[in-house]
Amino acid sequence: MSILHALSANSGRLVRLTFGPGSRRRPAVQATGHSKLAKARIVMLSGGLIMVYAVIFAKLTLFGMAPRDDASSIPPERVIAARPDIVDRNGELLATDIRTVSMFAEPNRVVDADEAVEKIATVFPDIDRKSLYKKLADHRSHFAWLRRQLTPKQQSEILALGIPAIGFRPEVKRFYPGGRTAAHILGYVDIDNHGVAGMEKYLDMQGLSDLDSTGLTSQDTLQPVKLSVDLRVQNVVHDVVSSALDLYKGKAAGAVVLDIHTGEVLAMASAPDFDPNDPQATGSDGWLNRMSNGTFEMGSTFKTFSMAMAFDVGAVKTSDTFDASAPLHYGGFIIHDDRDVPRRWLTVPEIFRYSSNIGTAKLMDRVGMENQKAYLTRFGLLTKLKTELPEVKMPTQPHVWKKINSITISFGHGVATTPLQTAVAGAALMDGGELIEPTFLPRTREEAEKVETPIVKPATSDIIRSLFKLNGQEGSGKPANVPGYHVGGKTGTANKVIHGVYSHKLSFNSFLGAFPIDHPKYVVLAFVDQPLTGEHNLTFATNTAAPMVRDIIKQAAPMLGVQPDFGTNLIASY
């Protein structure tokens, strides 16, 4: 082996060439200066990268420690809290949740607010453009709701527009398959699915809203809430009540069907009403549930209660007679009867059948004012009704009871109660004198017996039931009768107070009925407020409210399993 030292002609560096035996020459170059330079560059690059990462880490640390400005950031998606389904007594769906989306914008990322407004308006022509533009043009804002609870079609159309900075959030919308059918029983919810009225509000009052606020509710864990309502009967009642507004040209109407033995509300409707799927569209007049949240002077239906207390205290017997041949004068007031009431001495059953104000006033004179107040309170007609519905109004009565108040109240003027509590008191007089607070939830007969309160003797209940039967067969209740179902009851035509004076043209008409009257199972009360016409072109309760009860029973009785009886139906003896 030989080694040759040579000086490179190009660089002047010393080059050592080594040659081995039997091989070609292979140079080995020792670039000492170049290696040092490369190492220096690597060290500088590594240091630079370390510094960059250190700065990034420091920035991230500062961002993490800085307080969040929630007002200027997109709110996080919260857990969607669901409401339980509501079903009728047979499991038919009354209310449920459906999944939907709501549209929002990030205004700070909107490029052209004018263009975005024009595009969105093609999908929602009714949208408030000024308000929408104001939201989208506010570049300081990072989040703004634009439209809540869109349909899948609307969401698809918005997506097709390709508007930057528009997004969607999943939400829950309450849906009522029956629409208006049971509106005043079910109530409705607000945009955030919180109960506002009816049984929806009742559920929140029972703790559902607390679960909602914590996000603990879910569709999988909530069991359906079953009501006492029978949807089939509810449809009948709603149809009859709604038709009464047009048929009798009334201001309002309503009806309820009660199970006498359990106090369950099987159906109840009030008109005007609203669609709980869109409650704002109807207007405030439809929101009022006149059955439980409206008070009215119930007119001659109150004679039912006057008779009951008179018999219960032993003030009268069915064989007693009263002189109804001439009007009564109390101070500056005159008590008189309608034209079709005989001007003669009347027995107690005749006073009820002919609905004599004079006879009732004289009968109440025997009862006494203090007894009258005590019994009306016992009947629940002077106190606030207790039930699940939040919308319940307190009855009104005179601040100071005088003799004239006692007399007029005996035939239904001077005290204003709700139609529902009038029906409840009437049911008690059909059921052996046991008062049962109404419920919109299922209740067995055994459960009802634990909460019932005696208000009159069973014998008094028997007499009132026989008077109902008499009036249903021979008196003003005849138009309510349905062949085979033997309806008994009492009409009430109360003159309306207009500007502080009783009107001779406008009235509040009601009918309190029960069937089958020999062994009553159900009470039905119907009313129409200020009818302008009626059957035979007359506007009395016998021409308006009584036919409403007839139409309800005719359709609902078979659904309730009541078997018709076409045998001999003799008037009960007294």
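Counted residue by residue at 0.36 nm each, then reduced by the alpha carbon distance between them, the extension gain from L159 to A374 reaches 70.6 nm.
Under 19 Å from a label point set 7 Å out along the Cα-to-Cβ vector of H329, the amide N atoms of region 388-406 belong to 403-405.
With the simple spin-label model, which puts each label point 7 Å out from Cα in the Cβ direction, the L49 to D338 separation comes to 10.2 nm.
Pairs exceeding 32 Å between alpha-carbon atoms, taken from K173/K249; K201/K505; K135/K173: K173/K249; K201/K505.
The ranking of V265, V348 by Cβ neighbour count inside 10 Å, starting from the fewest, reads V348, V265.
Global dimensions of region 233-559 from alpha-carbon coordinates: Rg and Dmax equal 18.3, 57 Å.
Evaluated with a Cβ-only charge set (Lys, Arg +1; Asp, Glu -1), the chain carries a dipole of roughly 3060 debye about its Cα centre, given to the nearest 20. The order of M51, M430, going from fewest to most other C-beta atoms within 10 Å of their C-beta, is M51, M430.
Orientation-averaged projection of the chain equals 48.1 nm² [convex hull of Cα atoms, one quarter of hull surface area]. Dividing the C-alpha radius of gyration of region 86-226 by 2.2 N^0.38 Å, with N its residue count, gives 1.27. Compared with the dominant Cα axis of the chain, that is its longest principal axis, helix 113-123 is turned about 50°. A quarter of the convex hull surface defined by the alpha-carbon atoms of region 479-530 gives 4.1 nm² as the mean projection.
If you wrap the tightest convex hull around every Cα atom of region 399-511 and split its volume per residue, you get 173 Å³. Which pairs, out of K317/K403; K251/K521; K403/K496, put more than 26 Å between their alpha-carbon atoms? Long pairs (Cα-Cα over 26 Å): K251/K521. Projecting the Cα atoms of G198, L150, V43 onto the dipole axis of the chain, where Lys and Arg carry +1 and Asp and Glu carry -1 at the beta carbon, places V43 farthest toward the positive end. Each residue of region 417-431 is assigned a 3J(HN,Hα), and the resulting list reads 10, 7, x, 5, 6, 5, 5, 5, 5, x, 4, 4, 6, 8, 10 Hz, derived from the Karplus form 6.51 cos²θ - 1.76 cosθ + 1.60 (θ = phi - 60°), x at Gly and Pro. For S102, the residues 5 or more places off, or on other chains, whose built amide H falls under 5 Å of its own are Q149, L150, R169, E171. Computed from phi, the 3J(HN,Hα) profile of region 374-388 under the Karplus parametrisation 6.51, -1.76, 1.60 (θ = phi - 60°) reads 5, 5, 5, 5, 4, 6, x, 9, 10, 10, 6, 5, 9, 7, 6 Hz, with x in place of Gly and Pro. Take the Cα of A137, step 7 Å toward its Cβ, do the same at V497, and the gap between the two points is 5.4 nm. Across the chain, C-alpha contacts under 8 Å between residues 6 or more apart give a mean separation that, scaled by the residue count, equals a relative contact order of 13 percent. Here's how it looks for I335: its modeled amide H is under 5 Å from those of L328, H329, Y330, which are all 5 or more places away or on a different chain. Spacing of the modelled spin labels on K478 and E447, each 7 Å from Cα toward Cβ, amounts to 4.3 nm. The fraction of Cα-Cα pairs per 5 angstrom bin, counted from 0 for region 219-330, comes to 2, 9, 11, 15, 16, 11, 10, 10, 7, 4, 3, 1, 1, 0, 0 percent, rounded to whole percents.
Subtracting the Cα-Cα distance of Q206 and D239 from 0.36 nm times their residue separation leaves 8.7 nm of extension gain.
Summarising the amide proton neighbourhood of A253: residues at separation of 5 or more, or on other chains, whose placed amide H is nearer than 5 Å comprise A271, D529. Between T318 and S284, the FRET efficiency from the beta-carbon distance, with R0 = 45 Å, is close to 0.40. Whole-Hz Karplus values for region 524-531 come out as 10, 10, 10, 9, 9, 9, 6, x Hz, taken residue by residue from phi with 6.51 cos²θ - 1.76 cosθ + 1.60 and θ = phi - 60°; glycine and proline positions read x.
Only the coordinates and a few stated rules stand behind these numbers; no lab work does. Since this is a predicted model, take the numbers as computed values, not measurements. Ideal geometry is used to build each Cβ from the backbone, glycine not excepted, and the neighbour counts take in all protein chains shown.
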